Amino acid sequence: MTSWDAGVVVGMVGLGTIAETHLAVLSDFPQVRLAFAVDRDPRADVTFKDGVPPRYERLEDALVHHQPDVVVIATPTDTHAELARVALTGSTARVLVEKPMVHDLAALDELRSLDPAAGVASRVFVAHHFAFSPEVRWAADLIAAHPGWGPVTRIAAVFHDPYVGDADHSFAAYGSSWIDSGVNQLSMLTRFVEFTGRSSLHESNGGASAWCTGVFLVGESTTGMALLRTSWEAVASSKRTTLYLDDADTEIWLDHTAVTAVAIHRGTLIDHLPNDAHTPRKIAHYRPLYESLFSTTPDPILSFSTAAGVLQLLYR
Ligand SMILES: NC(=O)c1ccc[n+]([C@@H]2O[C@H](COP(=O)([O-])OP(=O)(O)OC[C@H]3O[C@@H](n4cnc5c(N)ncnc54)[C@H](O)[C@@H]3O)[C@@H](O)[C@H]2O)c1
């Protein structure tokens, strides 16, 4: 394929919760055709742009019959590495893997070991969708427009989901609250800071809740701290991040659940991100993510190398 505008043939692997968002966003791209869908379990047929693409139980079987430009892997986290290997070795497609890219550092090494033959570093992309959310991009643009505010010096990111109510599925599909949301926090925060390490992880309730502190560079010689809290012990989802730019006494409050944000300078609200209340939160994440993936120069936040750096912090 020479142009991402001329036509993109997609194969979707995994037809669970997040696949619905992928398919809804992809159906809005006129150049996208869904060639096949894969799920190991019986699922309702997928309707895509008024057609019903063929279904397979195994990605290997789908790749015998189709030559996709993009394979999307939206299956439980501990299946990503093996399915990425199958997609890389059985096709020439770009492979968009849901976050986190793989379930541990040994799986990361195995994936890397497929290079140079498989082109892992240039063909694997990771759906770090939080980094594309409107409030995150708004805050990054705002900070870039105000160099006088100085750097981000402190961060508090607190992410809750009500997943203990369905603990068996949540642990099987997502690993733990830290694996599920820590990867969103770390990848999203690369819009603002460069992490150099983190403290040990304090987990409770079998991994349903966790916290740690991330360390990042502030200028050339000092470091800042990020308090990272993830928890499934909640009655509803609520995800917030506060960025402190202490040199200018400025705070930026991101409400990732409401998809909005405010900037506060010395106790006065100086700017805000409005929301038209029309675009669902995840659609607002994945639409710009796919626009970037289908461009000639995808955002480095989607890259294998960014994902590898994030995983070193996630699983250290
Ligand atoms: N649910 C969300 O809101 C969300 C958001 C962003 C990212 N993610 C990530 O997406 C991934 C999937 O999450 P989900 O919530 O959609 O899970 P899910 O359990 O709802 O769906 C996963 C689907 O994959 C299928 N599957 C499992 N193994 C397979 C295999 N080997 N081959 C083909 N199909 C297989 C299952 O039958 C199921 O239909 C996870 O890595 C998660 O971290 C989820």
Checklist entry - Do the sum for the chain: with -39,500 (n - 2.57) for every DSSP H run of n ≥ 4, divided by all residues, what is the mean residue ellipticity at 222 nm, to the nearest 500 deg cm²/dmol? => result -8000 deg cm²/dmol
Checklist entry - For A121 and A258 in one chain, what is 0.36 nm times their gap in residues minus the Cα-Cα distance, to one decimal in nm? => result 45.9 nm
Next on the checklist: Sort 257-267, 118-128, 70-80 by the packing proxy (mean of other Cβ within 10 Å over each peptide's residues), most packed first.
Outcome noted: 70-80, 118-128, 257-267
Next on the checklist: For the pair D249/E57, report the inter-label distance in nm, with labels modelled 7 Å from Cα in the Cβ direction.
Outcome noted: 6.7 nm
Next on the checklist: Please list M225, M101 from largest to smallest accessible area, probe radius 1.4 Å, with all protein chains kept in place.
Outcome noted: M225, M101
Item to check | J(HN,Hα) series, the range 119-128, from Karplus relation 6.51 cos²θ - 1.76 cosθ + 1.60, nearest Hz, glycine and proline x | outcome: x, 4, 5, 9, 9, 8, 10, 10, 7, 6
Next on the checklist: Over the chain, what is the relative contact order in percent, taking alpha-carbon pairs closer than 8 angstrom and at least six residues apart?
Outcome noted: 18 percent
Checklist entry - Separation of the range 128-144 and the range 192-222 by C-alpha centroid, Å? => result 20 Å
Next on the checklist: Name the residue from G197, W149, S170 whose Cα lies farthest towards the positive end of the charge dipole of the chain, charges +1 on Cβ of Lys and Arg and -1 on Cβ of Asp and Glu.
Outcome noted: W149
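The values are calculated or read from the model by the stated rules, or taken from the named source; none is laboratory data. The shown structure was predicted, so the numbers you read here are calculated from the model rather than taken from an experiment. Please note: Cβ atoms are built from the backbone with ideal geometry, for glycine as well, and neighbour counts cover all protein chains shown. Only protein heavy atoms, including side chains, enter the accessible area calculation; ligands, DNA and RNA are left aside. Shrake-Rupley method; radii C 1.70, N 1.55, O 1.52, S 1.80 Å.
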